[in-house]
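The values are calculated or read from the model by the stated rules, or taken from the named source; none is laboratory data. These numbers were taken from a predicted model, which means no experiment stands behind them. Please note: Cβ atoms are built from the backbone with ideal geometry, for glycine as well, and neighbour counts cover all protein chains shown. Heavy atoms of the whole protein, side chains included, go into the accessibility calculation; ligands, DNA and RNA do not. Shrake-Rupley method; radii C 1.70, N 1.55, O 1.52, S 1.80 Å.
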Amino acid sequence: MDKIIRIALDGPSGSGKSTIAKRLSNKLNILYLDTGAMYRATAIKALSLGIDTLDEQGVMTFINDIDLTVKYVDGAQRTILDGVDVSEKIREPHVSMAASNISSLKCVRLKMVEMQRKIAGETSCVLDGRDIGSYVLPNADYKFYITASVEVRADRRFKELTLKGHKVDFEELKKEIEQRDYNDKTRDFAPLTKAFDAIEIDTSFMTIEQVIGKVLSVIGE
Ligand code: DC
């Protein structure tokens with residue numbers, strides 16, 4: 001049997017992790033697990049129940065029985081909540097901050113990490129998130145910390161949302177990204193951090209091809 005390989009890509013919002021993870025998983029023909037999608041779906045669940053995404057007691061009432069799965073259609077991850085495909089809904093702008101908030105709760109992280117470790121234990125995969133190399137899979141075969149300046153990240157997000165037809169203000173978007181960085185880096189449990197053995201790549205002035213080239217040169221493909 002071939003050896004299972006696990007690649008961890010961590011970093012702040014908008015650093016390019018998901019684009020890199022998708023391309024990498026295609027190239028290596030292995031699964032891509034977008035762990036942020038799972039936190040986003042959990043936020044949608046809380047919102048649909050009218051539970052504040054920072055209310056730990058409230059979130060505890062549903063988290064252990066959450067009906068959340070990921071499946072793959074033509075190689076692309078679909079996120080399914082209570083039997084409904086929420087893959088598009090989780091990308092709505094208001095869900096980003098709600099996901100950042102709910103991801104600070106320990107009960108949520110414990111549940112998500114359990115699910116992520118199960119998936120990663122069964123098959124080779126690229127996982128992107130905030131705590132993959134530092135907490136979820138400390139023994140991952142390869143770890144990368146993907147980052148970029150806040151201006152560049154806000155600019156990428158602005159273009160992405162505008163293209164989808166959302167009306168967004170650049171300065172507000174930048175402030176929101178800074179707030180999410182702060183939340184993600186300062187939460188008590190499994191915060192966003194560069195694992196000591198992760199390779200850092202600043203993508204601010206790199207093309208996707210250059211980043212992929214760098215990652216592949218490390219992996220030795
Ligand atoms: O990567 P993303 O923007 O889709 O993630 C949404 C939120 O989920 C993000 O603000 C932080 C949180 N998250 C996390 O805490 N840990 C992960 N492994 C992935 C995402």
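Within the stretch 23-45, work out how many residues are aliphatic (A, V, I, L, M) and more than 13 Å from the ligand (Cβ to nearest atom).
The initial filter retains those residues of the stretch 23-45 that are aliphatic (A, V, I, L, M), namely 24, 28, 30-31, 33, 37-38, 41, 43-44.
Next, only the ones that are more than 13 Å from the ligand (Cβ to nearest atom) stay: 24, 28, 30-31.
Selection size over the stretch 23-45: 4.
Just checking, how many residues over the stretch 89-98 are surrounded by fewer than 19 Cβ atoms within 10 Å (Cβ to Cβ) and either modelled with pLDDT under 95 or more than 22 Å from L163 (Cα to Cα) (or both)?
So the first thing to find is which residues in the stretch 89-98 are surrounded by fewer than 19 Cβ atoms within 10 Å (Cβ to Cβ), and the list is 89, 91-94, 97.
Remaining after also requiring either modelled with pLDDT under 95 or more than 22 Å from L163 (Cα to Cα) (or both): 91-94, 97.
Total satisfying the criteria: 5.
Kindly check whether there is at least one residue in the stretch 173-183 that is assigned to a loop (DSSP other than H, G, I, E, B), under 19 Å from T35 (Cα atoms) and not basic (K, R).
The initial filter retains those residues of the stretch 173-183 that are assigned to a loop (DSSP other than H, G, I, E, B), namely none.
No.
Each row is one residue, and each column tells you yes or no for (1) open to solvent by less than 50 Å² (accessible area, probe 1.4 Å); (2) within 14 Å of C125 (Cβ to Cβ); (3) in a loop (DSSP other than H, G, I, E, B); (4) touching a residue at least 60 places away in the same chain (Cβ under 8 Å).
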site	(1), (2), (3), (4)
I7	yes, yes, no, yes
T19	no, no, no, yes
K22	no, yes, no, no
N26	no, yes, no, no
Y32	yes, yes, no, yes
R40	yes, no, no, no
K45	yes, no, no, no
Q57	no, no, no, no
M60	no, no, no, no
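Quick check on the stretch 173-217: of everything there that is more than 26 Å from S25 (Cβ to Cβ) and acidic (D, E), which residue is least open to solvent (accessible area, probe 1.4 Å)? It would help to see each step written out before you state the result.
Here is the first cut: in the stretch 173-217, the residues more than 26 Å from S25 (Cβ to Cβ) are 173-176, 178-179, 182-183, 185-189.
Those still in the list that are acidic (D, E) too: 176, 178, 188.
Values: E176: 58, E178: 84, D188: 154 Å².
Selected residue: E176.
Go through the stretch 97-119 and give me each residue that's in contact with a strand residue (DSSP E or B) (Cβ under 7 Å, 6 or more places away or on another chain) and within 12 Å of the ligand (Cβ to nearest atom).
Within the stretch 97-119, the subset in contact with a strand residue (DSSP E or B) (Cβ under 7 Å, 6 or more places away or on another chain) is 116, 119.
Listed by number, the list holds a single entry, Q116.
Could you please give the count of residues in the stretch 62-71 that are surrounded by 12 or more Cβ atoms within 10 Å (Cβ to Cβ) and either free of Cβ contacts under 8 Å to residues at least 12 places away in the same chain or hydroxyl-bearing (S, T, Y) (or both)?
1
I need the full set of residues from the stretch 127-157 which are more than 15 Å from I7 (Cβ to Cβ), open to solvent by 60 Å² or more (accessible area, probe 1.4 Å) and within 15 Å of the ligand (Cβ to nearest atom), in order please.
Answer for the stretch 127-157, where residues must be more than 15 Å from I7 (Cβ to Cβ), open to solvent by 60 Å² or more (accessible area, probe 1.4 Å) and within 15 Å of the ligand (Cβ to nearest atom): Y135, R156.
Counting just the residues of the stretch 11-22 that are farther than 16 Å from A198 by Cβ and of a type outside the set (S, T, N, Q), which one comes out nearest to the ligand (Cβ to nearest atom)? Full working, then the answer.
Filtering the stretch 11-22 for residues farther than 16 Å from A198 by Cβ gives 13-14, 18-19, 22.
Right, trim to of a type outside the set (S, T, N, Q) and you get 14, 22.
Details: G14: 8, K22: 13 Å.
Checking each candidate, the answer is G14.
For the stretch 40-50, indicate whether the set of residues that are at pLDDT below 95, in contact with a strand residue (DSSP E or B) (Cβ under 6 Å, 6 or more places away or on another chain) and at negative phi is non-empty. Step through it out loud before you land on a result.
As a first pass, look at the stretch 40-50 and keep what is at pLDDT below 95: none.
No: zero hits.
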